2 protein chains.
Amino acid sequence: MQGCAYIDDRYVAPEDAKISIFDWGFLHGDATYDVAHVWQGRFFRLDDHLDRFFASLARLHLDPGRTRAQVRAVMHECVRRSGLRDAYVEVLCTRGRPAPGSRDPRTCTNRFMAFAIPFIWIADPAKQARGVDLVVSDVQRIPSASVDPRTKNYHWLDFVMGLFQAYERGAETAVLVDAAGNVTEGPGFNVFALVDGVLATPAAGVLEGISRRTVIELAQAQGLPLRIGPLAAAELRRADEVFLSSTGGGVIPIARVDGVPVGGRAAGDFGPVTRRLQQDYWGLHEDPRFVETVAPA
Amino acid sequence: MQGCAYIDDRYVAPEDAKISIFDWGFLHGDATYDVAHVWQGRFFRLDDHLDRFFASLARLHLDPGRTRAQVRAVMHECVRRSGLRDAYVEVLCTRGRPAPGSRDPRTCTNRFMAFAIPFIWIADPAKQARGVDLVVSDVQRIPSASVDPRTKNYHWLDFVMGLFQAYERGAETAVLVDAAGNVTEGPGFNVFALVDGVLATPAAGVLEGISRRTVIELAQAQGLPLRIGPLAAAELRRADEVFLSSTGGGVIPIARVDGVPVGGRAAGDFGPVTRRLQQDYWGLHEDPRFVETVAPA
């Protein structure tokens, strides 16, 4: 696997990046992370990802033992060493191992890691061109009262069960619901729907995605009517346009929801709102306010 | 660290038991596990733990690539090689790594691991003798509609946040609630309360603990009135006796709930129901129906 990882204060090949099975990051999912992407040699909105990573760390009482400048430098260095022009760059911090015989997380030394690997699409360009098939799963997203979804975390079994439901129904991915049956988010993405001319996305119980924020800002700049609040599954099914937002590909059109073509369109024929947002999303990757070039060797 | 681990088809020292940071078992908490204990050279209720492990695997579409007899043999061998007389023995299966660039769990090769390490108490014998200080956290346990708690899993951030709440309040551990405010379970244990002469424990939203089952069976054999159903936090606070059940120590008395002595008793003075169940629990460790001797070298 191409790429570069940083672990135990060293840069290593991805194959050599391993953690103890006794680290609570593994045994208890006690960790947080963030993922930024590099496109054509430039990080996109890296400051926003760093803001979120440090906010997540604080909420979980985790200390990466590094300043923001040091974390940023490690991310740059991972990409530089990998030689990748388009990369998926993750930083993470685990609780570490407790003292022998202890179950007290305060006895752990937290551990910081990072890696840069080839860009991973939520849906590859071929699939994007025809649109993704989505189902509304009846699995409920882990609620905020249990685990704060703003803190990026590895509690994905609800998503994984949703994915298996999608496969059983012949679809490719799933969005989960909340206890009231409203749409929340899916594995690695937020969801948007154009309903009666208004672009809607859930407000609560979801990750505050950087791509989600980018879409919201673009919609505001375009003067699109926007509704950030509960999104009923029924609204998603009757929407004129539906798309996902993710660091893993930006704006990804949905072709079908629960087997029904979105907006009655043919596969690959997406609506104008999705098209324009997709175009503008990639356009921002040329905007110096949002990008920073990976430090050269 | 004393012990023995089994990973990649080999027995290794615990220090050498490491997994790739790219395994979904880590990056997505996509794994299940079970923990049995060995006391004085004998496994306790190993068949029940194996039943639960294979049920968990099936629910998550995980294949350990080993029969039940093989998993049992690995558990025995880990203990035998460790030389431990009292051990904490975990088996686990992770999703593994997806194909490069893929996000499809069906492309993963699942991975089976195991380890035996020195017995880990929920509360060590000294703490047990004076009783544990418990708080009722306002963190909600991840609900069954999101992640099935009968499938033993590594989604512990709710528990970890509960632990930090307990520490802030000067206590040692926490029990979480459900959306209705009823008591569920804590990090590594089920909860029992003697309320108006009835031994009560939550029915839903909790792991179906083997130690919990043992306590229920003992209570039935003793003719104790039993209620398996919703347990209000207020009932826990006014209970005559409160204890935890866990593979990590059996029946563990609670001294205080939210800072108030249980049943108005002095520290270390537990009620008769707790005492008798604790005695009977350890008595079963001599009962050939429940134990099996670790295979000798």
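Quick look at the numbers
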{"quantity": "Residues of segment A:124-152 satisfying the condition of being aliphatic (A, V, I, L, M) and more than 9 Å from chain B (Cβ to nearest Cβ)", "calculated": "A:126, A:129, A:132, A:134, A:135, A:136"}
{"quantity": "Residues within segment B:283-297 that are in contact with a Phe, Trp or Tyr (Cβ under 8 Å, 6 or more places away or on another chain) and either among the aromatic types (Phe, Trp, Tyr) or part of a loop (DSSP other than H, G, I, E, B) (or both), tallied", "calculated": "2"}
{"quantity": "Failed criterion for residue B:102 (all others in (1) polar (S, T, N, Q); (2) outside the structural domain of residue B:13 (by TED's automatic domain parsing); (3) assigned to a loop (DSSP other than H, G, I, E, B) hold)", "calculated": "(2)"}
{"quantity": "Qualifying residue in segment B:190-198 (condition: in contact with a Ser or Thr (Cβ under 6 Å, 6 or more places away or on another chain) and either within 11 Å of chain A (Cβ to nearest Cβ) or of a type in the set (Asp, Glu) (or both))", "calculated": "no"}
{"quantity": "Number of the exception - residue A:122 against (1) at pLDDT below 95; (2) farther than 20 Å from residue A:211 by Cβ", "calculated": "(2)"}
{"quantity": "Residue within segment B:224-237 that is part of a loop (DSSP other than H, G, I, E, B), in the same structural domain as residue B:172 (by TED's automatic domain parsing), modelled with pLDDT under 95 and open to solvent by 10 Å² or more (accessible area, probe 1.4 Å) present", "calculated": "no"}
{"quantity": "Any hit, segment B:69-83, residues being of a type outside the set (Asp, Glu), open to solvent by 30 Å² or more (accessible area, probe 1.4 Å) and within 30 Å of residue A:166 (Cβ to Cβ)", "calculated": "no"}
{"quantity": "Within segment B:153-163, tally of residues that are open to solvent by 10 Å² or more (accessible area, probe 1.4 Å) and more than 7 Å from chain A (Cβ to nearest Cβ)", "calculated": "1"}
{"quantity": "Test: residue in segment B:107-121 that is away from chain A (no Cβ under 12 Å), over 20 Å from the mean Cα position of the chain (by Cα) and assigned to a strand (DSSP E or B)", "calculated": "no"}
{"quantity": "From B:6, B:11, residue being more than 11 Å from chain A (Cβ to nearest Cβ), over 19 Å from residue A:28 (Cβ atoms) and outside any loop (DSSP other than H, G, I, E, B)", "calculated": "B:11"}
{"quantity": "Qualifying residue in segment B:238-248 (condition: modelled with pLDDT under 95, in a loop (DSSP other than H, G, I, E, B) and surrounded by fewer than 23 Cβ atoms within 10 Å (Cβ to Cβ))", "calculated": "yes"}
{"quantity": "Residues satisfying the stated conditions in segment B:249-264, i.e. surrounded by 12 or more Cβ atoms within 10 Å (Cβ to Cβ) and assigned to a strand (DSSP E or B)", "calculated": "B:250, B:251, B:252, B:253, B:254, B:255, B:256, B:257, B:261"}
{"quantity": "Subset of segment B:54-80 [within 14 Å of chain A (Cβ to nearest Cβ) and not in a helix (DSSP H, G or I)]", "calculated": "B:60, B:61, B:62, B:63"}
{"quantity": "Among (1) assigned to a loop (DSSP other than H, G, I, E, B); (2) surrounded by 20 or more Cβ atoms within 10 Å (Cβ to Cβ); (3) among the hydrophobic types (A, V, I, L, M, F, W, C), the one test that residue B:176 misses", "calculated": "(1)"}
{"quantity": "Any hit, segment B:265-272, residues being in a strand (DSSP E or B) and modelled with pLDDT of 95 or more", "calculated": "no"}
{"quantity": "Filter result (part of a loop (DSSP other than H, G, I, E, B) and either touching a Gly at 6+ places or on another chain (Cβ under 9 Å) or closer than 19 Å to residue B:265 by Cβ (or both)) within segment B:187-206", "calculated": "B:187, B:188, B:196, B:197, B:202, B:203, B:204"}
{"quantity": "Residue check, residue A:148 open to solvent by 20 Å² or more (accessible area, probe 1.4 Å) and part of a strand (DSSP E or B)", "calculated": "no"}
{"quantity": "Qualifying residue in segment B:199-213 (condition: surrounded by fewer than 20 Cβ atoms within 10 Å (Cβ to Cβ), more than 15 Å from the chain's Cα centre (by Cα) and either among the polar types (S, T, N, Q) or under 27 Å from residue B:283 (Cα atoms) (or both))", "calculated": "yes"}
{"quantity": "Test: residue in segment B:214-237 that is within 11 Å of another protein chain (Cβ to nearest Cβ) and either among the hydroxyl-bearing types (Ser, Thr, Tyr) or in contact (Cβ under 8 Å) with a residue 24 or more places away in the chain (or both)", "calculated": "no"}
{"quantity": "Residues that are within 19 Å of residue A:151 (Cα to Cα) and of a type outside the set (D, E, K, R), drawn from segment A:89-103", "calculated": "A:89, A:91, A:92, A:93, A:94, A:96"}
{"quantity": "Residue check for residue A:124: without any contact (Cβ under 8 Å) to a residue 60 or more places away in the chain, of a type in the set (Asp, Glu) and open to solvent by 30 Å² or more (accessible area, probe 1.4 Å)", "calculated": "yes"}
{"quantity": "Residue in segment A:152-166 that is more than 19 Å from residue B:29 (Cα to Cα) and in contact with a strand residue (DSSP E or B) (Cβ under 9 Å, 6 or more places away or on another chain) present", "calculated": "yes"}
{"quantity": "Hits in segment B:28-49 (condition: open to solvent by 20 Å² or more (accessible area, probe 1.4 Å) and either out of contact with any Pro (no Cβ under 9 Å at 6 or more places or on another chain) or more than 10 Å from every other protein chain (Cβ to nearest Cβ) (or both))", "calculated": "B:39, B:40, B:42, B:47, B:48"}
{"quantity": "Number of the condition not met by residue A:61 [criteria: (1) crowded, with 21+ Cβ neighbours inside 10 Å; (2) closer than 30 Å to residue B:91 by Cα; (3) in contact with a helix residue (DSSP H, G or I) (Cβ under 8 Å, 6 or more places away or on another chain)]", "calculated": "(1)"}
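Results for (1) under 21 Å from residue A:49 (Cβ atoms); (2) over 14 Å from the mean Cα position of the chain (by Cα), shown as yes or no for each residue.
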site: A:147; (1), (2): yes, yes
site: A:163; (1), (2): no, yes
site: A:170; (1), (2): no, yes
site: A:175; (1), (2): no, no
site: A:181; (1), (2): no, yes
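The values are calculated or read from the model by the stated rules, or taken from the named source; none is laboratory data. Just so it is clear, the model here is predicted, and its values are computed rather than measured. Reconstructed Cβ throughout: ideal geometry from the backbone, glycine too, with neighbour counts over all protein chains shown. Remember, those area values only see protein heavy atoms, side chains included, never the ligands or the DNA or RNA. Shrake-Rupley method; radii C 1.70, N 1.55, O 1.52, S 1.80 Å.
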